[in-house]
Amino acid sequence: MNRRSGLRLALALGAFVLLAWAIPRHPAYQRWRRSRLTLAQMTQACGPNGDAAAREGDYPLLYATGLGLNAQKQFAQSLPLLLKAVQLNPDAPAFRDALAQTQVANGQTDEAFQQLSQFVGTHPNLASAHLLLGKLYLATHSGPRAQQELERAVALDANLAEGWAALAGARGEFSADKRSVLEAATRAAALRPTNVDDQLRLASLLAEQSPDEARAVYERALALAPDRADAHRAFARYLLDSGRPLEQAAQAEAEARLARALDARSPQASLLLGLSLTRRRAYADAIEPLTLAAQGDVFDTVAPHNLATLYRRLNRPKEARQWQTVWQGRQAYLSERLRLRSNALARPQDRARSGRLARLLARHGEVEEALRYQSLAQGQPPDAPAVLLGVANDLMQGGFRDLAVPLAERAHQRKNRSASEAGRVSKPGL
């Protein structure tokens with residue numbers, strides 16, 4: 001072998017060694033590798049509390065595993081991983097967002113505010129930082145602060161569609177200025193013309209001020225997503241409320257039937273179908289969908305009220321009295337729920353108020369909301385055994401054994417897992 005051939009061989013070997021070293025470290029390769037791992041394998045690779053991945057500086061693995069655990073509602077397990085991911089990569093808005101959502105799910109709302117406020121402080125001119133803080137204020141019903149942060153976000157980036165959409169939600173909930181709400185919704189829909197949610201929000205706002213324009217936006221949303229049941233439900237509701245009931249009742253009926261075909265379990269679709277048939281004076285035909293609506297949504301008051309009215313029209317007083325009683329009972333519960341929720345939101349630091357609301361919700365079968373407020377009452381994550389058992393006991397008292405038993409089983413599984421993990425940690429060498 002001559003000198004030139006040897007040099008070529010050495011260069012080729014050097015290039016091969018360099019590639020062998022670089023490829024496993026390239027972000028694209030790491031993403032591909034992670035995509036082939038199961039969640040259990042990713043969790044194992046992270047190590048207890050994410051310590052192994054943190055030592056390697058592998059914040060993408062910590063982040064991806066945290067998102068996977070969140071999707072399984074394992075918020076307590078994902079929290080230490082996302083904390084370490086943010087510590088390693090503190091400037092990434094997506095990481096901050098995932099951590100904030102996980103902190104809220106674990107009952108750590110104050111910690112979520114603290115880290116997002118710190119993010120805004122270190123990035124005062126970053127629109128997405130203000131967006132995340134504004135969304136958190138919005139989720140916790142802090143209207144003025146939510147609007148302040150979201151307005152700052154869109155001022156920094158006028159093309160931030162998510163910011164305009166969130167601002168429309170904040171203004172719609174906390175502001176009486178309908179023009180400002182419409183302005184924000186219009187900007188969001190213009191920036192994201194293929195986003196169906198933005199189009200539906202805009203259409204609902206236009207319905208009062210410009211019905212014809214609203215109809216065009218609804219039709220655009222349906223063209224974008226003809227298989228979305230909620231879009232057909234929204235259009236049916238618009239048709240019923242548009243001021244031309246007799247002319248559009250038939251089309252509302254058709255839209256409601258489409259919605260029910262796409263989502264047969266939707267009480268709202270059945271309700272809209274029943275209301276459409278009632279509007280067309282097909283009273284006997286309206287009984288079936290209205291009954292399904294009333295049975296499918298035990299907190300709905302519209303269907304029972306309409307059923308009581310229809311049965312009186314059909315000269316069936318016994319059924320009319322039965323549904324009148326159902327309607328009155330639901331009205332009383334919703335009034336009490338509203339009172340307790342207002343009290344809890346007025347003083348979120350008062351755990352007793354959250355506890356009273358959690359008990360009421362659980363005794364009426366509202367599991368997710370009951371877990372949320374029981375978490376606030378106890379200052380623990382929603383999947384903590386004490387929270388799960390507290391809600392399970394209240395569900396049993398309300399007669400919801402089928403909902404209580406799975407929660408109790410989850411609580412015992414969490415207890416056993418925690419005891420097992422504590423035992424492994426206590427053993428030398430593990």
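The values are calculated or read from the model by the stated rules, or taken from the named source; none is laboratory data. Computed from a predicted model, the values in this text were never measured in an experiment. Please note: Cβ atoms are built from the backbone with ideal geometry, for glycine as well, and neighbour counts cover all protein chains shown.
Can E183 be described as surrounded by fewer than 17 Cβ atoms within 10 Å (Cβ to Cβ), charged (D, E, K, R) and either in contact with a strand residue (DSSP E or B) (Cβ under 7 Å, 6 or more places away or on another chain) or under 29 Å from L132 (Cα atoms) (or both)? So E183 fits the description; yes. For segment 392-406, the condition holds for no residue, the condition being that it is farther than 22 Å from V298 by Cα and not hydroxyl-bearing (S, T, Y).
Against the definition (at pLDDT 95 or above, at negative phi and either of a type in the set (D, E) or surrounded by fewer than 16 Cβ atoms within 10 Å (Cβ to Cβ) (or both)), how does A223 come out, yes or no? Answer is yes for this residue. Selection of first residues in segment 377-406 that are under 23 Å from L69 (Cα atoms) and of second residues that are of a type in the set (F, W, Y), restricted to Cβ pairs under 9 Å at least 6 apart or on distinct chains, gives the following pairs, ordered by first then second residue: P381/F75; P382/F75; D383/F75. Do we find that L388 is modelled with pLDDT of 90 or more, of a type in the set (A, V, I, L, M), under 24 Å from G296 (Cα atoms) and crowded, with 19+ Cβ neighbours inside 10 Å in this structure? For L388, the condition - modelled with pLDDT of 90 or more, of a type in the set (A, V, I, L, M), under 24 Å from G296 (Cα atoms) and crowded, with 19+ Cβ neighbours inside 10 Å - is not met. Being out of contact with any strand residue (DSSP E or B) (no Cβ under 7 Å at 6 or more places or on another chain), within 30 Å of A127 (Cα to Cα), without any contact (Cβ under 8 Å) to a residue 12 or more places away in the chain and assigned to a loop (DSSP other than H, G, I, E, B) is a property that A190 lacks. Among the criteria (1) among the small types (G, A, S); (2) closer than 23 Å to Y218 by Cα; (3) in contact with a Ser or Thr (Cβ under 8 Å, 6 or more places away or on another chain), the one A165 does not fulfil is (3). Only one of the numbered conditions (1) surrounded by 15 or more Cβ atoms within 10 Å (Cβ to Cβ); (2) of a type outside the set (S, T, N, Q); (3) closer than 17 Å to R372 by Cα is violated by L292, and that is (3). Being farther than 21 Å from Y63 by Cα and not acidic (D, E) holds for only one residue in A98, A153, A105, A129, and it is A153.
Residues are listed down the side, and each one gets a yes or a no for (1) surrounded by fewer than 15 Cβ atoms within 10 Å (Cβ to Cβ); (2) at pLDDT 90 or above; (3) among the aliphatic types (A, V, I, L, M):
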| site | (1), (2), (3) |
| --- | --- |
| L37 | no, no, yes |
| Q41 | yes, no, no |
| Q44 | yes, no, no |
| R55 | yes, no, no |
| L61 | no, yes, yes |
| G66 | no, yes, no |
| L69 | no, yes, yes |
| L79 | no, yes, yes |
| L82 | no, yes, yes |
